[in-house]
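A.B. asks: Handing you a structure now.
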Amino acid sequence: MSSSLLSAAPAPSAAPRPSGPGAAELLDFALRSAADPELIASLPLDPEGRTWVRLDGPGGSEAWLIGWPPGTGTGWHDHAESRGAFATARGRLTEHSLSVRLPSEGWQSLHLANGLDRSRALVAGAGRAFGEHHVHEVLNESPTEHAVSVHAYYPPLPLIRRYSRSGPVLTLEQVERPADWQ
């Protein structure tokens, strides 16, 4: 099924917002954790692949400390019904995102309208919060230096949808469940 996304207007939400920590509380946790040198130093770094350690997030949230070798990234994905935040502790991360809420289901491929792409650089000490169904990719574009970041999500991730992107076409490729990454 192919759809066309014509407008940047957010889609109305039929489901009530989950209780628990909001985006601001998740961002505060990520920023405070990213500023903890002992926590950041505890993460084992691998020169080839990303590493991660699960953390205790606020209010029952899911949180992760993640190491990013040079040139690594997540690929395009979303966190389903979870809101989230992340903060860079070391190095610099780049986030590419879409400035529109996509339909949460019922499509395989979307043709994106012009003007939806956003990019931001997050240096050590900077962070970002986002709402449900936020489609983005996060990259360590440095050719030589590791980056480290802290991420938090509420409710805990029910799934991650992974996408491929070719120009304006975004295609759903895979759905991962918690057992795939824990």
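A.B. asks: Among LEU110, ALA89, SER99, pick out the residue whose Cα is farthest towards the positive end of the charge dipole of the stretch 85-144, where Lys and Arg carry +1 and Asp and Glu carry -1 on C-beta, about the Cα centre.
C.D. replies: Of LEU110, ALA89, SER99, it is ALA89.
A.B. asks: Over the stretch 27-182, with the other protein chains present, what is the accessible area per residue in square angstrom, probe 1.4 angstrom?
C.D. replies: 44
A.B. asks: For the stretch 39-82, with only Lys/Arg (+1) and Asp/Glu (-1) charged at the beta-carbon, what is the dipole magnitude about the Cα centre, in debye rounded to 20?
C.D. replies: My answer is approximately 140 debye.
A.B. asks: By how many nm would the segment from THR94 to GLU173 grow when fully extended, if each residue of separation counts as 0.36 nm and the alpha-carbon distance is taken off?
C.D. replies: So the extension gain works out to 26.2 nm.
A.B. asks: How much length is gained on full extension from ASP36 to ASN114, taking 0.36 nm per residue of separation minus their Cα-Cα distance?
C.D. replies: Here the segment from ASP36 to ASN114 would lengthen by 24.1 nm.
A.B. asks: Normalised by the residues of the stretch 73-182, what does the relative contact order come to in percent, with Cα pairs under 8 Å and at least six apart?
C.D. replies: 43
A.B. asks: What does the charge count near ARG118 come to, summing +1 for each Lys or Arg and -1 for each Asp or Glu among other residues with Cβ under 11 Å from its Cβ?
C.D. replies: 0
A.B. asks: Over the chain, with every protein chain in place, what whole percent of the accessible area is carbon and sulfur at 1.4 Å, could you tell me?
C.D. replies: 53
A.B. asks: If Lys and Arg each add +1 and Asp and Glu each add -1, what is the summed charge of the other residues whose beta carbon sits under 9 Å from the beta carbon of ALA152?
C.D. replies: For residues surrounding ALA152, the net value is -2.
A.B. asks: If you don't mind, another one. Antiparallel as a % of all DSSP beta bridges within the chain, to the nearest 5?
C.D. replies: Of all bridge pairs located within the chain, approximately 95 percent are antiparallel.
A.B. asks: Output the 0 to 90 degree angle, nearest 10, between the alpha-carbon long axis of helix 23-34 and the longest principal axis computed from the alpha carbons of the chain.
C.D. replies: So the inclination is approximately 30 degrees.
A.B. asks: Quote the charge dipole size of the chain about the Cα centre in Debye, to the nearest 20; the model charges only the Cβ of Lys and Arg (+1) and of Asp and Glu (-1).
C.D. replies: Taking the Cα centre of the chain as origin, the dipole is about 360 debye.
A.B. asks: State, in angstrom, two size descriptors of the chain derived from its alpha carbons: Rg to one decimal place and Dmax to the nearest whole number.
C.D. replies: Expressed in Å, the Cα Rg and Dmax of the chain come to 16.1, 49.
A.B. asks: With +1 on each Lys and Arg Cβ and -1 on each Asp and Glu Cβ, and nothing else charged, work out how big the dipole of the stretch 112-182 is about its Cα centre, in Debye to the nearest 20.
C.D. replies: With only Lys, Arg, Asp and Glu charged at Cβ, the dipole is about 160 debye.
A.B. asks: As a test of reading the structure, rank SER61, SER119 by solvent-accessible area (1.4 Å probe, protein chains only), most first.
C.D. replies: SER119, SER61
The values are calculated or read from the model by the stated rules, or taken from the named source; none is laboratory data. Computed from a predicted model, the values in this text were never measured in an experiment. Here Cβ is always computed from backbone atoms with ideal geometry, including for glycine, and neighbour counts include all displayed protein chains. Only protein heavy atoms, including side chains, enter the accessible area calculation; ligands, DNA and RNA are left aside. Shrake-Rupley method; radii C 1.70, N 1.55, O 1.52, S 1.80 Å.
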